[in-house]
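First the structure, in the form of structure tokens, and then the observations on it.
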Amino acid sequence: MSEEQPEQYLAQHIETKWQKIWGDTGIDIANEDAADTRPTYYCLEMFPYPSGNLHMGHVRNYCLGDAVARYKRMQGFNVLHPIGWDAFGLPAENAAIKHGKPPAEWTYANIGQMRVQLKRLGLSYDWSREMATCQPEYYRWEQWMFTKLMEKGLAYRKEAEVNWCDPCHTVLANEQVEDGVCWRCETPVKRKNLAQWFIKITDYAEELLEDLNHLSGWPDKVVGMQRNWIGKSSGAEVSFKVEGSDETLDVFTTRPDTLMGVTYMAVAAAHPLAVKAATTQAQEGNDELSVFLEVCGKISTKEADVETMEKKGMALGIHAIHPVSGEAVPVWVANFVLMSYGTGAVMSVPAHDERDYAFAKKYALKIKQVIQPKSGEWDIAEAAFSEAGVLINSAEFDGLASGKAKKTITHWLKVNGKGEERVQYRLRDWLVSRQRYWGAPIPVVHCVDCGTVAVPDDQLPVVLPEHLQPTGGSSPLAECEAFVNTTCPSCGKDAKRETDTFDTFMESSWYMNRYTSTHCDTAMLDGKAMQKWAAVDQYIGGVEHAVLHLLYARFYHKLMRDVGLFDADAEDANNVGRNKVGSEPFKNLLTQGMVLLDGTKMSKSKGNTIDPADIIQKYGADTARLFTLFAAPPERDLEWKDEGVEGASRFLARVWRLLDKVDKTYQGTANAKATKTLKRTIHTHIQRVTHAFEHGFAFNVAIAAMMELSNALSAFDACDDEGKAVFAEGMAALVTMLSPLVPHFACECGEKLGFKTVAVMTAWPEVDEAALVQDEINLVVQIQGKKRGEIVVSPDVSQNDAFKAVQADENINKWLENMQVVKVILVKGRLLNIVVKPT
RNA sequence: GCCGGGAUGGCGGAACUGGUAGACGCAAGGGACUUAAAAUCCCUCGAAAUUACUUUCGUGCGGGUUCGACUCCCGCUCCCGGUACCA
């Protein structure tokens, strides 16, 4: 053997080795020691549902989070990076029915399997805080919280028309109905009247809306979606008298300025006035109206139907009295008026609302124009005028501009007791009860004498029996007598437990805060721990939770604050000026894109998946991590490419081979200039990589910069001591900066390079400003803004000297022949632009 | 309809507060090494013109501001995501 064979990069071997070392040394554990005065940083990824298998979406999510957590550790933060399991939910019950095993068994087995898969990726989680939401130690506090909310009147049981999904055999919250179908099984939901438990999120509508303005670390998209969902509109409630009756017909309008243009009223099919009119007419032998109402009631709320649905209506045969003019206007029932929004009735102003206009045209109802454009004419026979303008035909309000008229008319209504200013939200109270078994029991007892009674603190948790076997249909909990039969906490007599369980979004609404105090068994949260770690500095997950989980968690955080579990304004000594708990749970949000294969989302049902386990098996976890971080910016969709994975793998192998170059003698000659250039390249690249990490976690850009640095090191070939030292410095910087992304690889390289600390705990490299200074630069020369050449000058050359250098340069100077120089602009360190005109 | 985001080579994507457009990677083509293959290394790679030096055009479209525009302003087109008979 004449030459030593370079050692091969063996990912599997290295990865097992380092995972063991990290585990043994506990470097990923968030330090609770008061003597640790580092500022804290809380990095969290949306915790997984334990379906049994890690998919590429998970891999991407957790690799992004891990890169953030590791980077922050290297920046000197005491990092909290926890993981756990969103363990309750319907899939476990479905699997239980299929396999004939209780959901608990299936769930715990899956957790075991997925834990191994996560560990195999080398993610730097603080496993000491691992928790599963199906554990009584966890949901106990959710139950406790619920009883507090009952005390405060924020949780209540009410019979209401709710969304029901047949296959899931349960009710759903509004947020879980998408386009009229169940968010999970895509079956059209039905409307049913049932007594259900709600939490008053509507009490927090204004704060939830207002605080969106301060979430500057959230994507505009998500903020917009939530704003839209809360759906605030301001206007007035107007009270019309029903002719020949003491009843009133109340409506909400955002356009009180058009009040004088009301020519009819429209109510929903389920509105009491419509129902009453139908009954009256039926008694008189006319059931036309009853039939119409019935048809309206059956109509699906699916969007496709809504768009094509013809606007239909029928006159109720009754009239309402206009509050200002006293005129009687007909009341109609219309299929486009929703009982569930506002008062279930609208005042119709066909002249100034397109929908009312179409309806009026169809049924030959009166159209009265009361607004005209500020300038120009409007032919109301042609179309509705739905913009703001100036009032006409409005008696005493004539001449007012729309904006002013809204206030004036609303004021008039208030003074005359016929209405008032009103704010309307689209948001509805959160329906939290589910007719399912695999969930946290609602801590309530039904007593014949005392009614619904909250289970007191000392009897919590109400433990879910884990051995039951669902068979489909209704919850086995209701048939479990040992669970159902109990005594009333209030009077001691026999009573029955509530057998509904909580929506699983209840558990995921507060887990981020519980991680600060995972093992606290005396309270839901430890206020001091919250102060130290909360709120989450960086949250990472999919955008599909924009109005579900992310809205509920914001709400729940405020509830926890108001129950007194933490002080939103208190500052931790280590975090003064940067990290109060605050009223929002997530300071910064990154919504990562999907993982695609051939342009469509990877999914089991479509059969276009790549199993992360196969990739890890073939290339190692580091290659998988590097590829997912490099192939696309975090928030954009990522197209999976096998060739790209190969590329990532090749890059690691190249860096690996470069290690051999350190301390070896090469045949290149000592070259002080090349050494200086390399030193500068190292430090400009430290600067660029750091910049990419700091601005939107642009890991793709950071990796590109590291590849450039690697290329520069590869091309370097100097044999003197100075050159070798700079080369070694470059290798150390490269390996250090790689460690948040490919931690096993970096640790192994670090060990070979003789790092004093393990690479993942090495301080992030600092930019040496002195190394950035250049003796001379290539200054770009432009004529009329077009590049015509470059000159070599001192970086702080004066404009005059630069211009003289240009005149001395033949190639550039030819562009100045027969030209008169009008203006010269020097951009320091970049370019010289010469503006000329022909002489 | 409304809200948000896009449009840059064959592809994924770079370009800091306006200052050399196409970094980095992938794919493709050519070459070196090898009996051969793999691996590795080197070269080319927006379009057109030109023997060459080079030149002209070029960041969805049309205008504008500027010495200079992927970047700023005005007006469009198309694509993606969300959402709605919301009164």
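The values are calculated or read from the model by the stated rules, or taken from the named source; none is laboratory data. Note that the structure is predicted; figures quoted are calculated from it, not measured. We place every Cβ from the backbone using ideal geometry, glycine too, and count neighbours over all the protein chains shown. In case anyone asks, the SASA skips ligands and DNA or RNA and just uses the protein heavy atoms, side chains included. Shrake-Rupley method; radii C 1.70, N 1.55, O 1.52, S 1.80 Å.
Residue check: is A:D717 at negative phi and free of Cβ contacts under 8 Å to residues at least 24 places away in the same chain? The answer is no for A:D717.
The helices (runs of 4 or more DSSP H) located wholly in the stretch A:479-555 include none with 2 or more residues which are surrounded by 18 or more Cβ atoms within 10 Å (Cβ to Cβ), basic (K, R) and away from RNA strand B (no atom under 16 Å from the Cβ). Of all the residues in the stretch A:776-786, those that are near RNA strand B (Cβ under 9 Å from one of its atoms) and open to solvent by 50 Å² or more (accessible area, probe 1.4 Å) number 3.
For the stretch A:203-232, filtering for residues that are within 11 Å of RNA strand B (Cβ to nearest atom) and farther than 19 Å from A:K587 by Cβ leaves 5. For beta carbons closer than 6 Å, sequence separation of 6+ or different chains, a first residue in the stretch A:469-484 that is touching a residue at least 12 places away in the same chain (Cβ under 8 Å) and a second that is of a type in the set (V, I, T), the qualifying pairs are A:P470/A:I97; A:G472/A:I97; A:L477/A:T499; A:A478/A:T499.
Do you know which of the residues in the stretch A:325-380 that are within 12 Å of RNA strand B (Cβ to nearest atom), assigned to a loop (DSSP other than H, G, I, E, B) and out of contact with any His (no Cβ under 9 Å at 6 or more places or on another chain) is nearest to A:L259 (Cα to Cα)? By that ranking, first place goes to A:V349. Could we say that A:D622 is in contact (Cβ under 8 Å) with a residue 40 or more places away in the chain, charged (D, E, K, R) and buried (at least 22 other Cβ atoms within 10 Å of the Cβ) here? For A:D622, the condition - in contact (Cβ under 8 Å) with a residue 40 or more places away in the chain, charged (D, E, K, R) and buried (at least 22 other Cβ atoms within 10 Å of the Cβ) - is met.
Residue check: A:I97 meets all listed conditions (1) touching a residue at least 60 places away in the same chain (Cβ under 8 Å); (2) touching a helix residue (DSSP H, G or I) at 6+ places or on another chain (Cβ under 8 Å); (3) assigned to a helix (DSSP H, G or I) but one, namely (2). Considering A:A692, A:A704, the condition of being without any contact (Cβ under 8 Å) to a residue 40 or more places away in the chain and part of a helix (DSSP H, G or I) is satisfied by A:A692 alone.
Contact map, the stretch A:271-283: residues that are at negative phi paired with residues that are of a type in the set (G, A, S) and not in a helix (DSSP H, G or I), Cβ distance under 6 Å, separation 6+ or inter-chain. Pairs shown: A:H271/A:G344; A:H271/A:A345.
Per-residue answers, yes or no, for (1) free of Cβ contacts under 8 Å to residues at least 60 places away in the same chain; (2) closer than 17 Å to A:A621 by Cα:
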{"position": "A:A732", "(1), (2)": "yes, no"}
{"position": "A:H744", "(1), (2)": "no, yes"}
{"position": "A:E751", "(1), (2)": "yes, no"}
{"position": "A:A763", "(1), (2)": "no, no"}
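Which residues, counting only those in the stretch A:104-126, are within 17 Å of A:L54 (Cα to Cα) and not in a helix (DSSP H, G or I)? Steps first, answer last, please.
Step one: list which residues in the stretch A:104-126 are within 17 Å of A:L54 (Cα to Cα), which gives A:106-125.
Scanning the stretch A:104-126 gives A:L121, A:G122, A:L123, A:S124, A:Y125.
Scan the stretch A:127-142 and give yes if some residue there is farther than 19 Å from A:P50 by Cβ, assigned to a helix (DSSP H, G or I), open to solvent by less than 10 Å² (accessible area, probe 1.4 Å) and touching a residue at least 24 places away in the same chain (Cβ under 8 Å), otherwise no. No, that holds for no residue. Scanning the stretch A:651-706 for residues that are away from RNA strand B (no atom under 15 Å from the Cβ) and either within 22 Å of A:H744 (Cβ to Cβ) or open to solvent by 80 Å² or more (accessible area, probe 1.4 Å) (or both) returns A:V662, A:D663, A:K664, A:T665, A:T669, A:A672, A:K673, A:K676.
Being hydrophobic (A, V, I, L, M, F, W, C), open to solvent by 40 Å² or more (accessible area, probe 1.4 Å), assigned to a helix (DSSP H, G or I) and free of Cβ contacts under 8 Å to residues at least 40 places away in the same chain is true of A:A770.
When A:K148, A:K192, A:K241, A:K158 are checked against the criterion of being touching a residue at least 12 places away in the same chain (Cβ under 8 Å) and in the same structural domain as A:G419 (by TED's automatic domain parsing), a single residue qualifies: A:K241. Selection over the stretch A:205-238 of residues that are part of a strand (DSSP E or B) and surrounded by 19 or more Cβ atoms within 10 Å (Cβ to Cβ) gives a count of 4. Tell me yes or no: at least one residue of the stretch A:50-73 is assigned to a loop (DSSP other than H, G, I, E, B), under 29 Å from A:I610 (Cα atoms) and aromatic (F, W, Y). The answer is no, given that none of the residues of the stretch A:50-73 is assigned to a loop (DSSP other than H, G, I, E, B), under 29 Å from A:I610 (Cα atoms) and aromatic (F, W, Y). A:A725 passes every criterion in (1) open to solvent by 40 Å² or more (accessible area, probe 1.4 Å); (2) assigned to a loop (DSSP other than H, G, I, E, B) apart from (2). Within the stretch A:239-256, being open to solvent by less than 10 Å² (accessible area, probe 1.4 Å), within 22 Å of A:R426 (Cα to Cα) and more than 9 Å from RNA strand B (Cβ to nearest atom) holds for one residue alone: A:L249.
Would the stretch A:787-804 turn up any residue that is within 11 Å of RNA strand B (Cβ to nearest atom) and either open to solvent by 90 Å² or more (accessible area, probe 1.4 Å) or in contact (Cβ under 8 Å) with a residue 60 or more places away in the chain (or both)?
Among the residues of the stretch A:787-804, at least one is within 11 Å of RNA strand B (Cβ to nearest atom) and either open to solvent by 90 Å² or more (accessible area, probe 1.4 Å) or in contact (Cβ under 8 Å) with a residue 60 or more places away in the chain (or both), which makes the answer yes.
Could you list, in sequence order, all residues of the stretch A:312-323 that are more than 43 Å from the chain's Cα centre (by Cα), more than 16 Å from A:G235 (Cβ to Cβ) and not in a strand (DSSP E or B)? Passing the criteria: only A:H322. For A:I825, the criteria (1) over 50 Å from the mean Cα position of the chain (by Cα); (2) within 13 Å of RNA strand B (Cβ to nearest atom) hold in every case but one, which is (1). Filtering the stretch A:631-650 to residues that are open to solvent by 60 Å² or more (accessible area, probe 1.4 Å), more than 7 Å from RNA strand B (Cβ to nearest atom) and in contact (Cβ under 8 Å) with a residue 24 or more places away in the chain leaves only A:E635.
With the structure loaded, tell me whether A:D179 is under 27 Å from the mean Cα position of the chain (by Cα) and open to solvent by 10 Å² or more (accessible area, probe 1.4 Å) or whether it fails that test. Yes; evaluated as a whole, the condition is true for this residue.
Quick one: would you say A:R115 is open to solvent by 60 Å² or more (accessible area, probe 1.4 Å) and either modelled with pLDDT of 95 or more or among the β-branched types (V, I, T) (or both)? The answer is yes for A:R115.
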